[in-house]
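*Asks:* Right, I'll just put the structure down here and ask away after.
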């Protein structure tokens, strides 16, 4: 089982399996994979559905927040109180927003 799923849906990077060059908001500003609250079988080709006008999917394994992997391979932790609109803006890859993001997760050397 895995809790890490790509976001797919309108304006999400995996919506049309677009090239990195098509991510006009920048790969460092666009979420590709999130820590989903509900697991799926890791060999199943599941994505987490996203629609900009619908409710956000349930993210995270703890009530503290969730991890997100960006298209440039950085990982960031979004605290549970992070503004929903800013999460939505980070999911879309061609919205043209200036996105405020948490600092990348630091890994031990």
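The values are calculated or read from the model by the stated rules, or taken from the named source; none is laboratory data. Please read all numbers here as calculations on a predicted model, not as lab measurements. Cβ sites come from the backbone with ideal geometry, for glycine too, and all protein chains shown count toward neighbours.
*Asks:* Applying the selection to segment 1-23, what residues are part of a loop (DSSP other than H, G, I, E, B) and modelled with pLDDT under 90? Break it down into steps so the answer makes sense when it comes.
*Replies:* At the first step, the residues of segment 1-23 found to be part of a loop (DSSP other than H, G, I, E, B) are 1, 10-19, 23.
Selection gives 10, 11, 12, 13, 14, 15, 16, 17, 18, 19, 23.
*Asks:* Those residues that are in contact with a strand residue (DSSP E or B) (Cβ under 7 Å, 6 or more places away or on another chain), over 19 Å from residue 105 (Cα atoms) and assigned to a strand (DSSP E or B), I need them from segment 24-57; list them, please.
*Replies:* 37, 39, 40, 48, 49, 50
*Asks:* Further question on the same structure: In segment 19-45, how many are surrounded by fewer than 16 Cβ atoms within 10 Å (Cβ to Cβ) and either touching a residue at least 24 places away in the same chain (Cβ under 8 Å) or within 18 Å of residue 68 (Cβ to Cβ) (or both)? Full working, then the answer.
*Replies:* Restricting attention to segment 19-45, the residues satisfying the condition of being surrounded by fewer than 16 Cβ atoms within 10 Å (Cβ to Cβ) are 19-22, 24, 26, 28, 37-39, 41-45.
Now restrict to residues that are either touching a residue at least 24 places away in the same chain (Cβ under 8 Å) or within 18 Å of residue 68 (Cβ to Cβ) (or both): 20, 22, 24, 26, 28, 37-39, 41-42.
Counting residues in segment 19-45 that are surrounded by fewer than 16 Cβ atoms within 10 Å (Cβ to Cβ) and either touching a residue at least 24 places away in the same chain (Cβ under 8 Å) or within 18 Å of residue 68 (Cβ to Cβ) (or both) gives 10.
*Asks:* Within segment 66-109, work out how many residues are more than 11 Å from residue 30 (Cβ to Cβ), surrounded by 14 or more Cβ atoms within 10 Å (Cβ to Cβ) and in contact with a helix residue (DSSP H, G or I) (Cβ under 7 Å, 6 or more places away or on another chain).
*Replies:* Number satisfying all stated conditions: 1.
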